[in-house]
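Read through the structure below, which is laid out as structure tokens, and then see the notes.
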Amino acid sequence: MNNLAFKLIKNYESKPDKICLIQNETQVNYANLYNMVSNFKKYLESIGIKKGQKVLILVPMSINFYVTLLAIWSIGAIPSFMDAGFIKNGVKKNEFDEIGAIIGISKYILYSNINKNLKKLKKVNVSIINKLNYNEKLEIQEVDKDFPGILTYTSGTTGKPKIAERTHDFLKIQGEILEKNLDYESEDTEISTIPIFTLSNINVGITTVIADAKFSNLGQSNPKKIISQIIKNKSNRIMAAPGLLNVITDYCIEKNIILESINKIFTGGGAVFIDTIKKIKKVFPNSKIVTLYGSTEAEPIAKLNVEEVTKQDIEKIENGYGILAGKIVGVEECEIIKTNLKDIGKLTSEEFNNIKTDNVGEIVVTGKNVLKGYVNGVGDKENKFSVEGKVFHRTGDLGFLDEFGRLWLRGRIKEPYFNIEAALHAKFDIGKTAVFNDDNKIILVLEQKGKISEENIKAAIKFAKIDDIRYVKKIPVDKRHSTKVDYKELRKNLKLDR
């Protein structure tokens with residue numbers, strides 16, 4: 001029973017009438033979901049999709065997304081994911097010869113037809129799911145625990161994509177860790193924008209309302225639609241990146257809207273600053289707020305219950321400590337090593353101890369829910385190393401562990417200035433910020449000129465040297481979470497790209 005799709009059968013048998021997913025006006029219970037998966041599996045098999053075949057999924061978060069994922073798992077095929085823009089714009093750069101078929105919405109199938117390595121593949125428009133009616137029992141292919149469960153393609157500098165492979169066993173372990181840390185209750189109804197956490201919800205057996213958000217750019221979502229969903233579905237939980245929460249809370253504060261039904265909010269995928277937390281608490285006064293820190297290769301790494309943040313912690317943030325990520329969860333070991341280390345390779349325990357530091361350094365992790373390597377080893381040399389055979393993942397993030405064993409974040413190795421931003425956000429409602437180094441000058445970028453005087457800004461961060469303050473109409477961020485600053489685009493906008 002290693003195949004993750006077996007979870008669906010268990011929930012179908014134990015709670016067939018329980019509402020599983022809600023999308024706009026459509027609701028499906030576990031019986032509905034079971035039948036949809038069975039129908040789609042039958043169709044995919046009829047057009048030749050087989051066990052072991054890689055199938056590229058180009059479907060935004062939706063009911064059909066989860067039907068597709070579970071149907072592919074049921075066949076014993078391998079769901080594969082990549083950003084649609086990556087497919088459209090990376091035509092000359094990458095090779096996808098091992099993909100056997102594509103399932104997507106119309107727009108993304110069109111994108112795939114631009115790529116010479118994808119245009120000849122078998123294509124399935126996901127809309128066909130709603131037209132199928134085989135009414136057959138769902139038969140699930142058994143797989144080994146180390147069989148690939150999800151492949152995620154990311155852009156690479158070598159001309160080929162780096163591919164993260166998460167096995168069925170890896171995803172099972174990750175799901176168990178999430179279940180322990182996400183405070184589930186049987187009657188929960190969660191508004192969600194994060195696919196892997198919604199998969200956990202399906203497995204646990206709670207109701208997920210798929211946010212009526214703009215998934216291609218969450219920061220451009222219409223907050224009125226999501227607020228309407230919360231009220232209509234009597235949601236008590238939210239799972240969303242801070243970028244989207246800012247969109248919702250800014251609107252609610254402007255319109256004087258208070259949402260008392262929400263009692264749990266989980267957020268991560270980017271920096272969570274104190275002013276964001278204050279706004280969340282103002283709009284959702286009854287909510288317990290939990291921040292999660294992790295990555296594709298290790299999710300989660302740390303967890304913070306905001307209620308446990310002390311006045312002393314706030315003072316530390318204001319004095320340049322960084323962002324408090326919280327207690328280590330999920331991973332078996334989280335260590336801090338010296339920065340500027342190139343390919344590390346294989347180490348003895350003594351050698352490992354020699355590269356550790358009690359100061360700020362690179363965060364490295366190991367454990368059952370930590371990815372041990374990439375497909376064909378592309379990216380392993382740069383991102384992995386071993387200690388006496390135990391594989392560690394290099395996060396590329398800077399941080400340190402305090403006297404309580406809690407993790408603090410300082411940002412990426414290339415942009416290690418979360419401490420400056422966190423201090424400003426702890427003292428002011430300052431809006432979006434970015435800090436980076438340009439030709440040995442530290443530049444602070446703000447969106448709201450004149451809201452806070454430069455004199456007050458510099459007084460708030462006496463621990464750091466700021467050489468210049470710039471203002472832009474909009475600080476560019478990643479489209480996935482609308483949270484992480486796109487420094488390459490920002491440099492371009494400031495005419496600093498060289």
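No lab work stands behind these numbers, since they all come straight from the coordinates. Everything numeric here is computed off the predicted structure, so don't read it as measured data. Cβ coordinates were reconstructed from backbone atoms using ideal geometry, including for glycine residues, and neighbour counts include every protein chain displayed.
When each of 252, 20 is scored by the number of other beta-carbon atoms lying within 10 Å, the sequence from fewest to most is 252, 20. Legend: translational diffusion of the stretch 429-493 by Stokes-Einstein, Rh = Kirkwood radius over C-alpha pairs, 10 °C, 1.306 mPa s; D = 126 µm²/s.
Contact order for the chain, expressed relative to its length and based on alpha carbon pairs under 8 Å spaced 6+ residues apart, stands at 11 percent. Separation of the stretch 272-295 from the stretch 424-498 is 22 Å, based on Cα centroids. Listed from fewest to most Cβ neighbours within 10 Å, the set 471, 293, 30 follows the order 471, 30, 293. Only the Cβ atoms of Lys and Arg (+1) and of Asp and Glu (-1) were treated as charged; on that basis the dipole of the stretch 330-407 about its Cα centre amounts to roughly 320 debye. Per-residue ellipticity at 222 nm computed for the chain from its helices equals -9000 deg cm²/dmol, with DSSP H segments shorter than 4 residues left out and the rest contributing -39,500 (n - 2.57).
Per residue of the stretch 474-489, what does 6.51 cos²θ - 1.76 cosθ + 1.60 with θ = phi - 60° give for ³J(HN,Hα)? Whole Hz please, x for Gly and Pro, Karplus curve as stated. Residue by residue, the stretch 474-489 yields 8, 7, x, 10, 5, 7, 5, 10, 6, 10, 7, 5, 8, 5, 4, 5 Hz. Given R0 = 25 Å, the distance between the Cβ atoms of residue 497 and residue 113 translates into a calculated FRET efficiency of 0.20.
A cut-off of 5 Å between modelled amide H atoms, ignoring neighbours fewer than 5 places along the same chain, links residue 288 with 264, 265. For the stretch 28-43, backbone phi angles converted through the Karplus equation (6.51, -1.76, 1.60; θ = phi - 60°) give residue-by-residue couplings of 10, 8, 5, 5, 4, 4, 4, 5, 5, 5, 4, 4, 5, 4, 4, 5 Hz, Gly and Pro being listed as x.
Each residue in 1, 61 was given a count of other beta-carbon atoms within 10 angstrom of its own, and listing them fewest first yields 1, 61. Pairwise inverse Cα distances across the stretch 375-446, averaged and inverted, put the Kirkwood hydrodynamic radius at 14.9 Å. Please work out the C-alpha center-to-center distance from the stretch 128-145 to the stretch 1-23 and express it in whole Å. Here the answer is 13 Å between Cα centres. Each residue of the stretch 169-178 was assigned a 3J(HN,Hα) from its phi angle through the Karplus expression (A = 6.51, B = -1.76, C = 1.60, θ = phi - 60°), giving 5, 4, 5, 5, 5, 4, x, 5, 5, 4 Hz with x at Gly and Pro. In plain terms, the bigger the Kirkwood radius, the slower the diffusion; for the chain, with that radius from Cα pairs, at 10 °C and 1.306 mPa s, Stokes-Einstein puts D at 66 µm²/s.
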